[in-house]
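Structure record follows, encoded as structure tokens.
The values are calculated or read from the model by the stated rules, or taken from the named source; none is laboratory data. Computed from a prediction, not measured in an experiment: that's the story for all the values here. FYI the Cβ positions are ideal-geometry reconstructions off the backbone, even for glycines, and counts take in every protein chain you see. These area figures cover heavy atoms from the full protein model, side chains too; ligands, DNA and RNA do not enter into them. Shrake-Rupley method; radii C 1.70, N 1.55, O 1.52, S 1.80 Å.
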Amino acid sequence: MGKPTGFMDYDRENAAAVAPKERIKNFNEFHTPLSKEKQQIQGARCMNCGVPFCQAGMNICGMTSGCPLHNLVPEWNDLVYTGNWEQAYNRLAKTNNFPEFTSRVCPALCEAACTCGHWEDPVTCRANENGIIENAYEQGYAKANPPKVRTGKKVAIIGSGPSGLAAADQLNKRGHQVTVYERDDRVGGLLMYGIPNMKLEKWVIDRKIAIMKEEGIVFETGVNVGKDIKAAKLVKEYDRVILACGAKNPRDIKVPGRDAKGIYFAVDFLKATTKSLLDSDLKDNKYISAKGKKVVIIGGGDTGNDCVGTSIRHGCASVTQLEMMPMPPKERAEDNPWPEWPKVLKTDYGQEEAIAVFGHDPRIYQTTVKEFTKDKNGNLNGLVTVKLEPKKDEKTGRTIMEEVAGSEKKMEADLVLIAAGFLGTEQYVADAFGVNLNARTNVATEEGAYATNVKNVFAAGDMHRGQSLVVWAIREGREVAREVDESLMGYSYLSVQ
Ligand code: FAD
């Protein structure tokens, strides 16, 4: 530990954010990182404490506490403080294939578990990570490092989201020849066409993919496996196949009026905006515009928040976000102590922007939709909402949300975005490969393993775990790579952690 009293000497300092009313004028990232010197000071706040939950990545009460990649957080915090940026990069690269993504989009499970955060502000682990990786690019340490020896084994990876990319990176480093198939026109999965540009500018993905290509990974975009190419052909031509196709099936809201024109799934809305932005700076008009519309988003989570931020950038007339669950407390409840993930009210960037533009938080809690209403041409013109209240289910003991009789209300809307979660694997891919699904419609494997019921076919990421986080997708990508490597070579020295 570089500075024994750092946690008392220095306050947490975050990267500055452009003011909400200014940043909504474009789709750019809006944080200005601290200077290198200031970031070093932030590194000094880490105490390399005896209880570093930050790197533990363990399950406590059904939620992850600390980093699932077991990033060596105290080690690189210290190296940042002492100005050993290259060594810090080497320690970070040991456990994380894509710090440039996680340092922008991860909810920072490490910070939620930081000992400093027990009483006061946690260490700025995510910003330190960002400083390390961006400095590594600037200084040229983050560069192509192709394997010196090839094994002669071929692996096909279906899906170029973070799990497929992490598996590809690991297996290529090991010397296997990797081809990644992607049905979209650009590589990155939800990093590219889910997470909006203002959270993750897309050149950041392209920069890393260029390095991966230089290292020998082949990317085949615009290829829908199971439709454009037969699954059996890939299984025959490659030694191993990894399915990393995500969990795209959206949960629908099946209420009367669902066929009204003007109701879309969140990811379709977000994807169209990003594609149009990248293709034509939004000039081709090939996106679902929220301009001048009264937007209602069903789902109070992170995807819903991304829809709020995107709708505001389009110039919507109003935006409302409906959430079924009660508003979380502002501070940890007694039954949710540190280092558990804090179940507290979070006001994310989109909600901050809504407050700045419209003067109020867009979220309405304990509310759902009973009906969509439409005009005589079938266009959506509103919805009927109903209040919900928590009740204990006598049989299961679980809390369920029950409708409050007579609490129906009308609400105007001409654009509805459904951000109500995902229901797992798309059936056609599972059918094409003949892999079994479990009760949650994720690809079934043994607990903690990645081999499917089909010989030489493996599954990872959201398709295996269910809708999750980028950091978990990377972890699954690393783990499946190790299992595939072992199955090919009889042993593996690929590290998972
Ligand atoms: P995906 O990223 O879904 O990638 C799967 C890829 O497979 C896709 O590119 C798809 O086109 C391709 N594919 C599917 N079928 C085929 C086929 N048959 N042939 C060829 N290609 C195919 N997590 C965070 O940590 N932070 C965030 O800020 C965050 N924001 C999010 C915002 C939104 C809107 C959404 C929906 C999710 C967000 N997540 C976030 C979750 C995170 O993006 C996912 O958990 C993660 O991307 C899953 O990675 P994956 O590789 O398993 O799948």
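Couple of notes before you dig in:
- Distance violations [Cα-Cα > 20 Å] among Lys148/Lys173; Lys254/Lys395; Lys154/Lys236; Lys294/Lys410; Lys148/Lys202; Lys154/Lys230: Lys254/Lys395; Lys148/Lys202
- Highest to lowest packing among 307-317, 29-39, scored as the average C-beta count within 10 Å: 307-317, 29-39
- In region 132-177, the trypsin sites (Lys or Arg not before Pro) that fall in loop regions by DSSP, at most 11 other Cβ within 10 Å: Lys143, Lys148
- Listed peptides 89-100, 342-353 by packing density, highest first (mean Cβ within 10 Å): 89-100, 342-353
- Packing, as the average of other Cβ atoms within 10 Å across residues, places the peptides 10-18, 398-406 in the order 10-18, 398-406, highest first.
- Cβ-based charge dipole, the chain, positive-most Cα from Pro68, Ile263, Ser103: Ile263
- The aspartates and glutamates whose alpha-carbon is closer than 16 Å to the alpha-carbon of Lys409, local same-chain residues fewer than 8 away aside, are Glu323, Glu371, Glu389.
- Separation between Cα centres of region 216-275 and region 404-468, rounded to whole Å: 12 Å
- For the residue pairs Lys213/Lys248; Lys153/Lys455; Lys213/Lys286; Lys38/Lys143; Lys94/Lys143, the alpha carbons lie more than 18 Å apart in Lys213/Lys248; Lys213/Lys286; Lys38/Lys143.
- Per residue, the average separation of C-alpha pairs within less than 8 Å and at least 6 apart gives the chain a relative contact order of 17 percent.
- Once C-alpha pairs closer than 8 Å and six or more residues apart are averaged by separation and normalised to the residue number of region 263-418, the relative contact order reads 25 percent.
- Sorting the Cα pairs of the chain by distance into bins of 10 Å, from 0 upward, gives 4, 18, 27, 28, 18, 5, 0, 0 percent per bin.
- Pairs of Cα atoms nearer than 8 Å and 6+ residues apart set the relative contact order; for region 1-87 it is 31 percent.
- Per-residue 3J(HN,Hα) values for region 337-354, derived from phi via the Karplus relation 6.51 cos²θ - 1.76 cosθ + 1.60 with θ = phi - 60°, read x, 4, x, 4, 4, x, 8, 10, 5, 10, 9, 7, 4, x, 5, 4, 5, 4 Hz in sequence order (x marks Gly and Pro).
- In region 235-385, the portion of solvent-accessible area held by carbon and sulfur atoms comes to 51 percent [1.4 Å probe, whole percent, DNA, RNA and ligands not counted].
- In the chain, helical runs assigned H by DSSP with n ≥ 4 each contribute -39500 (n - 2.57); averaged across all residues and rounded to the nearest 500, the mean residue ellipticity at 222 nm is -9500 deg cm²/dmol.
- Globularity index of region 263-418, i.e. its alpha-carbon radius of gyration over 2.2 N^0.38 Å: 1.16
- Share of carbon and sulfur in the accessible heavy-atom surface of region 6-139 [1.4 Å probe, %]: 49 percent
- Column: log10 I(q)/I(0), Debye, Cα scatterers of region 1-88, q = 0.11, 0.21 Å⁻¹: -0.43, -1.00
- A cut-off of 5 Å between modelled amide H atoms, ignoring neighbours fewer than 5 places along the same chain, links Asn249 with Leu423, Gly424, Glu426.
- Average accessible area per residue (Å²) across the chain - probe 1.4 Å, nucleic acids and ligands excluded: 46 Å²
- Between region 135-165 and region 297-347, the Cα center-to-center distance that results, in Å: 35 Å
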